[in-house]
Amino acid sequence: MVQINERGVNVAVLGATGQVGMVMRRVLAERNFPVKNLRFMASARSAGQVLEWQGHEVPVEDVAQADLSGIDIAIFSAGGGTSKVWAPKFAEAGAIVIDNSSQWRMHDNVPLVVAEVNPEDLDEIPAGIVANPNCTTMAIMPVMKPLADKFGLKRLIVSSYQAVSGAGRAGVEQLMNEAAAAIEQGADKLVFGGDAITFPEPTKVVRTIAFNEVPFIGAIVDDGSEETDEEQKLRNESRKILHLPDLKASCTCVRVGVFTAHGMSVNAEFEQDVTPDEARAVLSVAPAVELVDIPTAQLAAGKTPSFVGRIRQDQAVDGHKGLALFVTNDNLRKGAALNAIELAEIVAQKHFADQL
Ligand SMILES: NC(=O)c1ccc[n+]([C@@H]2O[C@H](COP(=O)([O-])OP(=O)(O)OC[C@H]3O[C@@H](n4cnc5c(N)ncnc54)[C@H](OP(=O)(O)O)[C@@H]3O)[C@@H](O)[C@H]2O)c1
């Protein structure tokens, strides 16, 4: 544990050495989070590393060996299996856990929150665990919430274009290795056939991802739907966050050969008429949203807002009740680390105000 300030909350980051953990460390510093004592944790693999934070040297602890007492807020980005085991233990030891994995999101007594959309859901944290949404859900919620409030959201159809960093460091390494192999052998050979290059065996994404699109993320759910769990997350999490339990929603998730920032093509149907101009007027004042003409992954990478553009009337919906639009957002930043830190700020204000 390293003391940073006299006052503030005691913060632990579990998964501090990962991609999301690295962005979390950066965002905690950028936003001057009111940290009193700071701890970084990961697995035994990284224990003993020292990570610099705001001029302090913070050792990485093996969570399995760590004393969990005295932590106020623990921010987790270490995968679902790790959260399943460790979130209840941290909560039992007195911490409020903010978890980035999918493990706890749909539990009834666990709030699932986007900072600008449903912060009131953090008033009560019955199990001591708060869940951060999936990155695709996160990206479109700040866009869909003000439109839903104004025009009444009925149906959502989403196709995602998801970056490899959403699959962790292993996803980034696969794209780098495959791209290097293709360039060495002459990537332009791919114009005439996908098997013109000998790629290394896929190590994380289920098919070659360099210069490719792979419509399969996660695992097929054993419920007869033939959907992947990633596809179901968008439906289930949108319903919970927007407080619209009967929302009709369908999603196709596609991994693309992009390092960071997910894209989402959205077709939304509303109760009331809505024109693209009316939607733009609503979105122009929405928090965490930026209107642009062409939202791209490279525009969003490293930035905070959900970029939204290409807003059109959905011609497949009768009258003026449908919109088509495209959203891009940095999956590691707002899609994971930033929202988690924003939730930690709200939790600190609501539950540890006397320490600030
Ligand atoms: N990437 C995204 O776009 C994204 C978006 C939203 C949510 N998330 C979620 O965030 C989490 C991490 O993603 P990531 O991209 O940062 O993955 P990552 O780069 O692979 O990092 C994983 C982190 O978890 C730690 N860890 C793994 N197993 C552990 C264990 N048994 N005990 C303790 N620590 C363990 C690793 O520590 P070592 O260094 O010791 O291995 C590392 O710090 C996942 O739950 C993911 O679902 C990711």
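The values are calculated or read from the model by the stated rules, or taken from the named source; none is laboratory data. Nothing here was measured: the structure is a model prediction, and the numbers come from that model. Neighbour counts run over all protein chains shown; Cβ positions are idealised from the backbone, glycine included. Note: areas computed on protein heavy atoms with side chains; ligands, DNA, RNA excluded. Shrake-Rupley method; radii C 1.70, N 1.55, O 1.52, S 1.80 Å.
For this structure, a couple of remarks:
- Length-normalised contact order of the stretch 1-66 in % [C-alpha pairs under 8 Å, at least 6 apart]: 36 percent
- Dipole magnitude for the stretch 220-299: about 260 debye, using +1 per Lys or Arg Cβ and -1 per Asp or Glu Cβ, origin at the Cα centre.
- Sparsely packed GluC sites (Glu not before Pro) within the stretch 61-128, loop by DSSP, other Cβ within 10 Å at most 13: E124
- Phi angles across the stretch 160-167 convert, under the Karplus curve 6.51 cos²θ - 1.76 cosθ + 1.60 with θ = phi - 60°, into 3J(HN,Hα) values of 9, 10, 9, 6, 5, 5, x, 9 Hz, Gly and Pro given as x.
- Note: relative contact order over the chain, using C-alpha pairs below 8 Å and six or more positions apart, is 18 percent.
- Table column - 3J(HN,Hα) (Hz), the stretch 111-122, Karplus curve with 6.51, -1.76, 1.60, x for Gly and Pro: x, 10, 9, 10, 3, 8, 9, 9, x, 4, 6, 8
- Per-residue ³J(HN,Hα) for the stretch 170-184, Karplus 6.51 cos²θ - 1.76 cosθ + 1.60, θ = phi - 60°, Hz, x for Gly and Pro: 5, x, 5, 5, 4, 5, 4, 5, 5, 5, 4, 4, 5, 5, 4
- In this structure the stretch 1-135 gives 41 Å² per residue of accessible area when probed at 1.4 Å with all protein chains present.
- Each residue was assigned an accessible area with a 1.4 Å probe, and for D121 the value is about 40 Å².
- Distant-in-sequence amide contacts of A249, defined by a placed amide H-H separation under 5 Å and a gap of 5 or more residues or a different chain, comprise L156.
- At the listed q of 0.20 Å⁻¹, the Debye profile of the stretch 106-221, built from one uniform point per Cα, gives log10 I(q)/I(0) equal to -1.10.
- Cα-based radius of gyration of the chain once divided by 2.2 N^0.38 Å, which approximates compact folds: 1.02
- Among the GluC sites (Glu not before Pro) in the stretch 250-356, those located in a DSSP loop and surrounded by at most 13 other Cβ atoms within 10 Å of their own Cβ are E271.
- Alpha carbon convex hull of the stretch 101-167, volume per residue in cubic angstrom: 113 Å³
- Here the chain is treated with +1 on each Lys and Arg Cβ and -1 on each Asp and Glu Cβ, and its dipole about the Cα centre works out to around 360 debye.
- Loop trypsin sites (Lys or Arg not before Pro), the stretch 10-112 (other Cβ atoms within 10 Å of the site Cβ: 15 or fewer; DSSP): R31, R45
- Beta bridges by DSSP in the chain, antiparallel share as percent, to the nearest 5: 50 percent
- At an R0 of 56 angstrom, the distance between the Cβ atoms of A64 and Q315 translates into a FRET efficiency of 0.50.
- Distance between modelled label sites at E213 and E92, nm, 7 Å Cα→Cβ extension: 4.7 nm
- Percent carbon-and-sulfur accessible area, the stretch 175-322, ignoring ligands, DNA and RNA, probe 1.4 Å: 51 percent
- Cα gyration tensor category, rounded, prolate or oblate, for the stretch 53-93 with a/c compared to 1.5: prolate
- Working note: Debye formula, equal point scatterers on the alpha-carbon atoms of the stretch 242-325, no solvent; log10 I(q)/I(0) at q = 0.13, 0.26 Å⁻¹ is -0.49, -1.35.
- Among D273, D229, the sequence by solvent-accessible area, most first, with a 1.4 Å probe is D273, D229.
- Amide H partners (placed H, <5 Å) of I98, local residues excluded: A74, I75, F76, V130
- Sulfur and carbon atoms: percent of accessible area, the stretch 1-89 [1.4 Å]: 47 percent
- Tensor-based shape of the stretch 168-218 (alpha-carbon gyration tensor, a/c under 1.5 rounded, otherwise prolate or oblate): oblate
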